[in-house]
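Data first, discussion second: the structure below is written as C-alpha cells.
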Amino acid sequence: DVYFRVSKVPSYGDISNRNIDDLMVGARIEENEKKENPLDFCLWKETHVGVNWESPWSKGRPGWHTECVAMINDITENNHVDIHGGGMDNIFPHHECEIAQSVCANGCDFVKYFIHNNLVTVNGQKMGKSLGNFITLPDLFNKFDPVIVRFFTILSHYRKPTDFDDNKLM
C-alpha cells in the first residue's frame, strides 16, 4: 500500500475547518499499523482480487480519493475545476484528501468553489446503498415522471436535508 502523509500539507483541514492536531484517532479512521499517522490516506491499495492493475508498488487499485482526482485530471486541461459538488458528508475526509493530493501533484489550486448539498434521507434515515434504502434514477423514473422528480428536488434548499418517500411525489 502507498499512503499520503497529510502532515506534509500545511493547508490540510482548511476546507473542513479542522486542525489535524485535534482530530481523534478512530473517529472516522480505522487504526492501521502500515500508516505513519492515522490520518494518512491510501493512494494505492494492494489487492489481487476484483479490479486491479500492475504498478511499481504492487498489483492493486487507486484509493477512493485518488480515483476522483485522476478522473478530474483526465477530463480537464489544467487539472482544475471551477465548481466541484458533492454531499456534505464528503467534505471530510474525501474532499480534504482530494485537495491535498491534487495540490501536491499538480502544483496548483484544485477547485475554485465547492458546493456541498445536504443529505437525501428516506423516511428520516440517510439514504445509502449499504442501508438498502436507495433507489436508482431509472427505477425512480419508471415510477414517476422525471419532471415531477425534478420539481420535488428543487422544492428544498440544497443545504437542507431532502426527505424522500413515494407519497411526496404522488
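The values are calculated or read from the model by the stated rules, or taken from the named source; none is laboratory data. All values derive from a computational prediction rather than experimental measurement. Reconstructed Cβ throughout: ideal geometry from the backbone, glycine too, with neighbour counts over all protein chains shown. Surface areas here come from the heavy atoms of the whole protein model, side chains and all, with no ligands, DNA or RNA. Shrake-Rupley method; radii C 1.70, N 1.55, O 1.52, S 1.80 Å.
Assorted remarks:
- Computed over the alpha carbons of the stretch 114-162, Rg followed by Dmax gives 11.6, 32 Å.
- For the stretch 55-118: rounded, prolate or oblate by the Cα gyration tensor [a/c cutoff 1.5]: oblate
- Dipole of the chain, positive direction: furthest Cα of 2, 48, 156, with charges on the beta-carbon: 156
- Ellipticity at 222 nm from helices only: DSSP H runs of n ≥ 4 in the chain, each -39500 (n - 2.57), divided by the residue count, give -7000 deg cm²/dmol.
- Per the Cα gyration tensor, the stretch 83-144 maps to an equivalent ellipsoid with semi-axes of 31, 13, 10 Å, ordered largest to smallest.
- Count of Lys pairs (Cα-Cα under 18 Å; at least 8 positions apart or interchain) in the chain: 10
- Taken about its Cα centre, the chain carries a charge dipole of roughly 340 debye when the Cβ of each Lys and Arg holds +1 and the Cβ of each Asp and Glu holds -1.
- The Cα atoms of the stretch 11-99 give a gyration tensor whose axes a ≥ b ≥ c have a/c of 1.5 or more with a/b no greater than b/c, which makes the shape oblate.
- The apolar share of the surface of the stretch 103-143, taken as the fraction of accessible area on carbon and sulfur atoms (1.4 Å probe, ligands and nucleic acids excluded), comes to 54 percent.
- Along its three principal directions, the equivalent ellipsoid of the chain from the Cα gyration tensor extends over semi-axes of 33, 19, 18 Å, largest first.
- Of the residues 104, 97, ranked by 1.4 Å probe accessible area with the largest first, the sequence reads 104, 97.
- In the stretch 33-71, trypsin sites (Lys or Arg not before Pro) in a DSSP loop with at most 10 other beta-carbon atoms within 10 Å: 34
- Considering only the chain, percent of DSSP beta bridges that pair antiparallel, nearest 5: 50
- With the highest mean first, a sort of the peptides 125-136, 65-76 on other beta-carbon atoms found within 10 angstrom per residue produces 65-76, 125-136.
- Where the chain is the region considered: accessible area per residue in Å², 1.4 Å probe: 67
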